[in-house]
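The values are calculated or read from the model by the stated rules, or taken from the named source; none is laboratory data. Given the structure is predicted, the values throughout are model-derived calculations rather than measurements. Please note: Cβ atoms are built from the backbone with ideal geometry, for glycine as well, and neighbour counts cover all protein chains shown.
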Ligand code: BGC
C-alpha cells in the first residue's frame, strides 16, 4: 500500500494552479495589445475600455455558471472544460477580423478565467491537508503572478513582429491552455466532492495517498459527517442569517483586495510611470520591476501563511499598502516626482499586497465555507471580486484623468485603512485546521 505522498499532492496542486497561470496571463495580455487593436478596430477611448472589460464581464458570468457543473461533474472535470475554453478564446481572438468576434472570444476567455478563479483554489483547498492548505492554495496566486509576468514579457518580445503582433500575443495562451488540459488528465478528483457523490472508496484511496492510512480514515469520517446525507445547499442557505458572518468575510476580503487599487497598477503601470514624466522605455523597465517584486513577495507569503497565519500577514500588508498609497497620493498632490521616490513606494505597495491580501483573499475564500455550501458561497464572494475588478479598471483611468493621481490613491489608501480595522476587529484566524474543523468552529462562532 502506498503511503503518504507529498509529491502526489504537490503535483495535483500545481496542475490545478495552471488555471491561475492562465487567469494571470489572460487578464494581463491585453495591456500590450491595446496600442494595436485600437487603430485596427477603429476604437475611441470608451470603446477600448469596453473591449478590454469584455473579459471581466465574462469572468463574472464564468463564476456564476461554474458552480453547478463543478458540483455535478466534479471540480477537475469542469476545469478541463475551462482549459478547452481558454484554447478556443486564444484562437478565436487571435484570428478575429471583426470587433464583435474579438469581443465575443475575449468574453469566452473571461468565462474560462472566472471558472478557473473559482475551481482551482476550491480544488486545491479540498485536496490539501489543513497544515499545508494555505501554502498550497497560495500556489494558485503564485501562478497568477507568474502568468502576469509571462504576459508582460511575451508582449514585449512579440511587439516587433509586424502588423499581426497583437494576434501573436493573444495566441500564445494556446500553449499553456493545452498543457493545462493535458495535465488535468493525470490528477485525481477532489475527495470531498467524491464523498458528496457517494464515491467513498475512491475518496478514501486519494486521501490515503495524500495523508497516509491513519489520517485518511479520520479525515474521511469527518468529511462524511460534514456531508452527512444532506443535499448540496441552496442559495437561500448561503444568504441565511447563519451563514451571513462567513459570507461577509469572503465578500469583504474579495472587495478589499480589489479596492486596494492593485489592478490600477497592474493594468496601468506604464501610464502611471509616464504621467510622472518617464520615457516609455524606463516605464517598461519599471513595469517589469513591478512584476518581479510581485512574484518575490508572493513566494515570501507562501512560506509564512501556514506559520504566521492569515491575520498577521493581512495586518502587515494593510499597513504597508496604506502607508505607500498615502505617500503616492501626497506626491501626486504636490507634483513631487523627483528621483525614485514614487517607484520605491509603488514597489512597497506591490510587496505589501503580494505578501498579504493577494494570496490570503483566495485562501480564506476557499476555506471558510462549509462543504455542502462551498461552491455557491464561493461564487458569491468571487463574483464580488470580479465586479470590483471591473469597476476599478473602468473608473481608474477616468479618475486619474479628471481628478488626478492624488485623489485616486487617497481613495485606495482609505480602503486599506478600513481593511486593517476589519482584520484587527473581525477576522478569525483559519490556519492549520481541517476544513471540517473550521466548519465546526466558524459556524458555532457565527
Ligand atoms: C488578484 C488579481 C490581481 C493579482 C495581482 C490577485 O490576487 O485577484 O486581481 O491582478 O492578484 O497579483
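Quick notes on this structure:
- Any hit, segment 155-169, residues being assigned by TED's automatic domain parsing to the domain that holds residue 114, crowded, with 22+ Cβ neighbours inside 10 Å, at pLDDT 90 or above and not in a helix (DSSP H, G or I): no
- Subset of segment 139-151 (residues that are surrounded by 22 or more Cβ atoms within 10 Å (Cβ to Cβ) and under 15 Å from residue 170 (Cα atoms)): 147, 148, 151
- Qualifying helices (runs of 4 or more DSSP H) (wholly inside segment 331-429; at least 3 residues being away from the ligand (no atom under 16 Å from the Cβ) and over 30 Å from residue 308 (Cα atoms)): 374-402, 405-426
- Residue within segment 199-206 that is surrounded by 23 or more Cβ atoms within 10 Å (Cβ to Cβ) and without any contact (Cβ under 8 Å) to a residue 24 or more places away in the chain present: yes
- Just one of (1) more than 16 Å from the ligand (Cβ to nearest atom); (2) in the same structural domain as residue 91 (by TED's automatic domain parsing); (3) farther than 24 Å from residue 303 by Cβ fails for residue 203. It is (2).
- Residue match in segment 85-94 (condition: crowded, with 23+ Cβ neighbours inside 10 Å and over 20 Å from residue 184 (Cβ atoms)): yes
- Boolean, residue 27 is surrounded by 24 or more Cβ atoms within 10 Å (Cβ to Cβ) and farther than 25 Å from residue 185 by Cα: yes
- Taking first residues from segment 352-381 that are touching a residue at least 24 places away in the same chain (Cβ under 8 Å) and partners that are outside any helix (DSSP H, G or I) and surrounded by fewer than 24 Cβ atoms within 10 Å (Cβ to Cβ), the Cβ contacts under 6 Å between residues at least 6 apart in sequence or on separate chains come to 367/430; 372/230; 372/232; 372/233; 373/233.
- Yes/no for residue 263 being over 30 Å from residue 294 (Cβ atoms) and out of contact with any strand residue (DSSP E or B) (no Cβ under 7 Å at 6 or more places or on another chain): no
- Condition check for residue 78: touching a residue at least 12 places away in the same chain (Cβ under 8 Å), closer than 28 Å to residue 372 by Cα and part of a helix (DSSP H, G or I): yes
- The one condition in (1) in contact with a helix residue (DSSP H, G or I) (Cβ under 9 Å, 6 or more places away or on another chain); (2) not in a helix (DSSP H, G or I) that residue 151 fails to fulfil: (2)
For (1) more than 16 Å from the ligand (Cβ to nearest atom); (2) within 20 Å of the chain's Cα centre (by Cα), each residue gets a yes or a no:
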position: 143; (1), (2): no, yes
position: 152; (1), (2): no, yes
position: 158; (1), (2): yes, no
position: 166; (1), (2): yes, no
position: 172; (1), (2): yes, no
position: 176; (1), (2): yes, yes
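- Summed over segment 312-342, the residues that are surrounded by fewer than 18 Cβ atoms within 10 Å (Cβ to Cβ) and touching a residue at least 40 places away in the same chain (Cβ under 8 Å) give a count of 6.
- Count of residues meeting criterion [within 13 Å of the ligand (Cβ to nearest atom) and outside any helix (DSSP H, G or I)] in segment 231-272: 2
- Within segment 223-236, the set of residues being more than 28 Å from the chain's Cα centre (by Cα) and modelled with pLDDT under 85 comprises 225, 228, 229, 230, 231.
- Unmet requirement for residue 130, which otherwise passes all of (1) over 20 Å from the mean Cα position of the chain (by Cα); (2) farther than 20 Å from residue 305 by Cβ; (3) more than 16 Å from the ligand (Cβ to nearest atom): (2)
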